[in-house]
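Take a look at the structure set out below.
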Amino acid sequence: MAFGADRRIGLQHLVGTFDVENEEISYRCNTNGSCASHRQRVTDISVLIYQSPVGVENSFSVTQGHEVCAVPCDFRIYRGSPLAKLVIAPSHMKFVIIASEAWLKVKGLCGLIRLSSFDTSTEEGRSKERLRRMALTAATAAMMKVMAMALPLITISLALPYMGKEVFGLWMTVIGFFQLFVFADFGLGNGLLTTLSQAFGKGDLIESRKLTSSAFFLLIGVAVAILCLFCLLYSFIPWARLLNAETDATIRFSAMMVAAVFVPRILQLPFALVEKSQLAVQEGYRTNLWQCCAYLISAICVVVIAHWELGVLTLVFAVAAVPAVFFFLNWCHFFLIDKPELRPTRAAASPHEASHLMRLGGAYFVLSILTTFGLAFDNVIVAQTCGLDTVAEFSVVARVATLLTVALGMICMPMWSANGEAIARGDYAWVKRTTARIVQITSGLAIVGGICLVTVGPLVFHAWLGPSFNASRWLLAGLAAQNFVLAVAAPYFMVLNAAGKVGVQIQLFLLFTPVALGLKFVMASMYGSVGVPWAMSICYGILVLPWIQRYAKHRLNRDGSQKRGWCMPLYTK
């Protein structure tokens, strides 16, 4: 497909020739009636390289005597093109061009998902290797999430009739109650993720081993302290009354069910550190694959125990213990076989590194609490302002909308360690370029998902839950706006997390959290549940998004200009 070089896109008209002798492209530009001649030197007289999408190298061989037209930003010649000219496409072909580029970008991303590594001796190879590992981690995370949502549909159909509604409800209550122990590592895991990714980028194995050893033995101490406290208080806490157990069966099982759920979760704390370690060295896909196996074995355990009627407590303990066992197996494989140079040892544990991890982990712990209160208490606010009957409809719609947020999180999370490694190497240009691309991807997905949610959502909820279920378009639009601001901000948070800049995030959320909670209560009182996501979107869009974006760009530009000299600061202190 070729078009004449005299065609225009917008007001720009470019025509040129390739000068083999002087190794230059000469072209003239006609914009708004004014002509100007330009010359651009080519480093390789046989190949012209243009800006490439992710994972795709664009090149076009030019031979002497062929006319060359400078290529505008919305048209590119890709490797393997049969054209003998570089040409400008007319504007009516713009859709075809965009679709072709989108397909090539998807093809390039798919090409990154492979088992063999790229050559990391060059900057280009390291860039491709980071993208490969990010793509593998995101793909396996998606598979893990699908299994996490699909397998319970099977196990619940077996466990519910076997346990009975009351005991099954007690089990779900206990699990929900101890969801708060997601903070039980006091932020040490995130602190290790930041520091280990930077040490990995520097190739400092001694520092890396000090970090893993210090974090591991700190978490052993945390686990022992929590277990001792639990054992001291266990017999004094009225678990049946606390869990609102009323029937004889639930009262009988309540205390033992708490122990069956709680103890395996605390015992896995030191070994769950392998998840952050693998993310730090950009091998998060290994954790995801182990988790997939854990979900599968848990489902098998439920089927076997329910079929053979081996006991309610046996089922509860098995479901809680299987993830802990797989964390232990993953820990042994990773630190003893795959990465023995990172294996935690008592001799390698460093008080200095432990102190640094505790300070950084404490900051992440405070940030996690602030974000939880600012983002995760919508159901409580709706219950207090609109009543429990409204919570049911709101929670279902919000849960569906949250699926998009989870998907976007799976895309952004691998950036944390990849950015940390790149920053440690001084490759700020890669961080800046990749962040911009991920923002485009996440914001684009959020827009498309939001449009689908608002236009098709009411019909889907009507067909799924019946005509009595009311899914307001204003509520769906508010959730779509909430997803959008979160999607745009997430890649910039990954930049700051990778650099260990937690303080600025805490400052932002110290302001955002109380303002957002207050505005959510006010708007929920005025407009019902519809006001909650709109209040969050407004607060986040004003108090968090522009400032986190500004600070991340400032940090990259300042550090990059100091260490690599590739750019000037966009912002001054």
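The values are calculated or read from the model by the stated rules, or taken from the named source; none is laboratory data. Given the structure is predicted, the values throughout are model-derived calculations rather than measurements. When we count neighbours, we look across all protein chains shown, and the Cβ atoms used for this are built from the backbone with ideal geometry, even at glycine. Only protein heavy atoms, including side chains, enter the accessible area calculation; ligands, DNA and RNA are left aside. Shrake-Rupley method; radii C 1.70, N 1.55, O 1.52, S 1.80 Å.
When Phe394, Phe328 are checked against the criterion of being touching a residue at least 40 places away in the same chain (Cβ under 8 Å), open to solvent by less than 60 Å² (accessible area, probe 1.4 Å) and more than 30 Å from Ala249 (Cα to Cα), Phe394 stands alone in meeting it.
Only one of Ala159, Ala139, Ala135, Ala150 is small (Gly, Ala, Ser), modelled with pLDDT of 80 or more and under 21 Å from Cys301 (Cα atoms); which? Only one candidate passes the filter, namely Ala159. The selection criterion, being out of contact with any His (no Cβ under 9 Å at 6 or more places or on another chain), hydrophobic (A, V, I, L, M, F, W, C), open to solvent by 70 Å² or more (accessible area, probe 1.4 Å) and over 30 Å from Ile154 (Cβ atoms), does not hold for Ile300.
If you check Leu479, Leu508, which single one turns out to be more than 16 Å from Ala376 (Cβ to Cβ), assigned by the TED database to the domain that holds Leu453, in a helix (DSSP H, G or I) and not polar (S, T, N, Q)?
Working: Leu479 fails: more than 16 Å from Ala376 (Cβ to Cβ).
On inspection, the qualifying residue turns out to be Leu508.
Among all positions in the range 266-282, there is no residue which is surrounded by fewer than 19 Cβ atoms within 10 Å (Cβ to Cβ) and either more than 27 Å from the chain's Cα centre (by Cα) or modelled with pLDDT under 90 (or both).
Remark: pairs (first residue in the range 531-551, outside the structural domain of Phe377 (by the TED database); second residue open to solvent by 10 Å² or more (accessible area, probe 1.4 Å); Cβ separation under 6 Å; 6+ apart in sequence or on different chains) are absent. Residues in the range 434-470 that are surrounded by 14 or more Cβ atoms within 10 Å (Cβ to Cβ) and more than 30 Å from Ser395 (Cβ to Cβ): Thr434, Thr435, Arg437.
When the criteria are applied in full, Thr173 meets the requirement of being open to solvent by 60 Å² or more (accessible area, probe 1.4 Å), part of a helix (DSSP H, G or I), farther than 30 Å from Leu336 by Cα and touching a residue at least 40 places away in the same chain (Cβ under 8 Å).
If you check Met523, Met494, which single one turns out to be free of Cβ contacts under 8 Å to residues at least 40 places away in the same chain and open to solvent by less than 40 Å² (accessible area, probe 1.4 Å)? Before the answer, list the steps.
Values: Met494 fails: free of Cβ contacts under 8 Å to residues at least 40 places away in the same chain.
Answer to the check: Met523.
So, in the range 230-264, exactly how many residues are aromatic (Phe, Trp, Tyr) and without any contact (Cβ under 8 Å) to a residue 24 or more places away in the chain? Walk me through it before giving the result.
Of all residues in the range 230-264, those aromatic (Phe, Trp, Tyr) come to 230, 234, 236, 239, 253, 262.
From what's left, without any contact (Cβ under 8 Å) to a residue 24 or more places away in the chain: 236, 239.
Result for the range 230-264: 2.
Just to be sure, is Thr405 of a type in the set (Ser, Thr, Tyr) and either within 13 Å of the chain's Cα centre (by Cα) or open to solvent by less than 50 Å² (accessible area, probe 1.4 Å) (or both)? Yes. Of all residues in the range 502-518, one or more are at pLDDT below 90 and over 16 Å from Gly374 (Cβ atoms).
Each residue in the range 471-527 was checked for being among the hydroxyl-bearing types (Ser, Thr, Tyr) and under 30 Å from Lys276 (Cβ atoms), and 2 pass. Has the range 227-244 got any residue that is touching a Leu at 6+ places or on another chain (Cβ under 6 Å) and assigned to a helix (DSSP H, G or I)? Checking the range 227-244: not a single residue is touching a Leu at 6+ places or on another chain (Cβ under 6 Å) and assigned to a helix (DSSP H, G or I).
Checked against the criterion of being open to solvent by less than 70 Å² (accessible area, probe 1.4 Å) and outside any helix (DSSP H, G or I), the candidates Ala321, Ala363, Ala348 yield just one match: Ala348.
Can you confirm whether the range 373-381 contains a residue that is of a type in the set (Phe, Trp, Tyr), open to solvent by 30 Å² or more (accessible area, probe 1.4 Å) and in contact with a Phe, Trp or Tyr (Cβ under 6 Å, 6 or more places away or on another chain)? No: zero hits.
Among the candidates Phe118, Phe168, single out the residue that is hydrophobic (A, V, I, L, M, F, W, C), outside any helix (DSSP H, G or I) and either buried (at least 17 other Cβ atoms within 10 Å of the Cβ) or modelled with pLDDT of 80 or more (or both).
Numbers: Phe168 fails: outside any helix (DSSP H, G or I).
The conditions single out Phe118.
State whether the residues of the range 225-242 include one that is basic (Lys, Arg) and either loosely packed, with under 12 Cβ neighbours inside 10 Å or in contact with a Lys or Arg (Cβ under 6 Å, 6 or more places away or on another chain) (or both). Yes, that holds for at least one residue.
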